[in-house]
Amino acid sequence: MTDQVLPTQIQQDISNFESILDKLETQLEPFFRIPLKEHLEKLSPNDSSKLNVTVAYALNALFFMYLQTQGISPHEHPVKSELERIKPYFLKLRNLSNKSTEEEEKPKVQVNVDATSRIINHVVATNKYQEQQQQKKRKK
């Protein structure tokens, strides 16, 4: 059996890919030391949802890549439909984040313009009445 040597470009691509995976593994190691449940307990409900969706998508995307490396077409595999199922959740979370950001930007206190106008008119009218009363007293 003859030894088959991969072309240089493919060898470089594989080497680069392995290097990137090593860096990724090093960066994610602190995250993996703690169980996911503990991470989720520390997060707000919105951030917890984002993490759950991200983890689900990442795992399915990695499995998609694994199938490709094994020569199996992932396009006919159920993992493809799972990735498509997860994608809308990213959009929902983004919309939810945008709404919460808009709500944070709105002023917390709202002024009731009608009530404010009535109060100001009442105070002005009262002041005019008091001035008239004082002028009458001075004339006497």
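Readers should treat all values here as calculations from the given coordinates under stated rules, not as data from a laboratory. This one's a predicted model, so the numbers in the text were calculated from it and none came from an experiment. Backbone-built Cβ (ideal geometry, glycine too); neighbour counts: all protein chains shown.
Between (1) 10, 36, 29, 18, 7, 0; (2) 8, 18, 21, 14, 9, 7, 7, 6, 5, 3, 1, 0, 0; (3) 9, 33, 34, 18, 5, 1, which matches P(r) over Cα pairs in 10 Å bins from 0, in percent calculated for the structure shown?
(2)
So what's the net charge close to Glu25: Lys and Arg +1, Asp and Glu -1, counting the other residues with Cβ under 14 Å from its Cβ?
-1
Quick one: which residues, 5 or more positions from His77 or on another chain, have an amide H under 5 Å from its amide H? H modelled 1.01 Å from N in the peptide plane, none for Pro or chain starts.
For His77, whose amide H was placed from the backbone, there are no distant partners under 5 Å.
Return the single residue from Lys87, Lys37, Lys50 with maximal mean-square fluctuation; model: Gaussian network over the chain, springs between Cα atoms under 10 Å.
Highest fluctuation of the listed residues: Lys37.
Helix 8-33: angle to the longest alpha-carbon principal axis of the chain, degrees 0 to 90, nearest 10?
Around 50 degrees separate the two axes.
Starting from the Cα of Lys137, draw a straight line to each of the lysines and keep only those under 20 Å, dropping any in the same chain fewer than 8 residues away.
Lys128
Starting from 0.36 nm per residue, how many nanometres of slack lie between Ala115 and Ser19 once their C-alpha separation is accounted for?
Values: separation 96, 0.36 × 96 = 34.56 nm, distance 6.70 nm.
The Ala115-Ser19 span can extend by a further 27.9 nm.
Connecting C-alpha atoms closer than 10 Å in a GNM of the chain, tell me which of Arg94, Arg85, Arg33 has the biggest fluctuation.
Between Arg94, Arg85, Arg33, it is Arg33 that shows the largest mean-square fluctuation.
Kindly provide the helix-only [θ] at 222 nm of the chain, computed as the sum of -39,500 (n - 2.57) over DSSP H runs of four or more divided by all residues, to the nearest 500 deg cm²/dmol?
-28500 deg cm²/dmol
Based on the alpha-carbon gyration tensor of region 51-94 and its eigenvalue square roots a ≥ b ≥ c, which shape applies: rounded if a/c is under 1.5, prolate if not and a/b is larger than b/c, or oblate?
Verdict is prolate for region 51-94.
Measure nothing but the geometry: give the 0 to 90° angle between the long axis through the Cα atoms of 45-69 and the longest principal axis through the Cα atoms of the chain, rounded to 10°.
It works out to around 20 degrees.
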